[in-house]
Amino acid sequence: MWLPILGLFIGILLGIGFAFPLPAIYAEYLSIAVLAGLDSILGGWRAGLEGKFKSNVLLSGFFVNAAMAALLAYLGDLLGLDLYLAAVIVFGLRIFNNISSIRRGLLERYNIRKHHKNQQPSSDSQITEEQISTKTQK
């Protein structure tokens, strides 16, 4: 659990320490890439909570979504339209949907643990992650 957080922290420090100028023309593409990454990360977290996580789905989803959104933005540039806004709206909706599902999943896990703890106060009975995942999938 700590390894992704450490990687994020190191990435932020490297980004701050080695800042480089980015032409304004790439701002639309960068915003779509960030949203695609955030959508994939939250989708993976959601799938993990639901017990359905598959790394190949996470990676392929990230690259395919980012490529399609970048293609949409590029076609919009060619046509003189702001088509990247469509990708921004879709990714925004997906991100908020994933966040709400993650929140509900975490609250269900918390309530299951709280309920289990109230039913069996002995310290030697621990609820396992497998029991939690089967109860949250029902």
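The values are calculated or read from the model by the stated rules, or taken from the named source; none is laboratory data. Given the structure is predicted, the values throughout are model-derived calculations rather than measurements. Note that we place each Cβ from the backbone using ideal geometry, even for glycine, and neighbour counts take in every protein chain shown.
Whether a residue is hydrophobic (A, V, I, L, M, F, W, C), at pLDDT 90 or above, within 13 Å of the chain's Cα centre (by Cα) and surrounded by 11 or more Cβ atoms within 10 Å (Cβ to Cβ) was assessed, and Leu59 does not pass this test. Would a scan of the stretch 18-26 turn up a residue that is under 19 Å from the mean Cα position of the chain (by Cα) and loosely packed, with under 14 Cβ neighbours inside 10 Å? Scanning the stretch 18-26, I find no residue that is under 19 Å from the mean Cα position of the chain (by Cα) and loosely packed, with under 14 Cβ neighbours inside 10 Å, so the answer is no. For the stretch 28-60, the tally of residues that are more than 20 Å from Val90 (Cβ to Cβ) and not aliphatic (A, V, I, L, M) stands at 8.
Go through the stretch 73-89 residue by residue and tally those that are of a type in the set (Gly, Ala, Ser) and in contact with a helix residue (DSSP H, G or I) (Cβ under 6 Å, 6 or more places away or on another chain). Residues flagged as of a type in the set (Gly, Ala, Ser) and in contact with a helix residue (DSSP H, G or I) (Cβ under 6 Å, 6 or more places away or on another chain) within the stretch 73-89 amount to 3. The single condition among (1) of a type in the set (A, V, I, L, M, F, W, C); (2) modelled with pLDDT of 90 or more; (3) surrounded by fewer than 12 Cβ atoms within 10 Å (Cβ to Cβ) that Leu42 does not meet is (3). Applying the set (1) in contact with a Leu (Cβ under 7 Å, 6 or more places away or on another chain); (2) assigned to a loop (DSSP other than H, G, I, E, B) to Asp82 leaves exactly one unmet item: (1).
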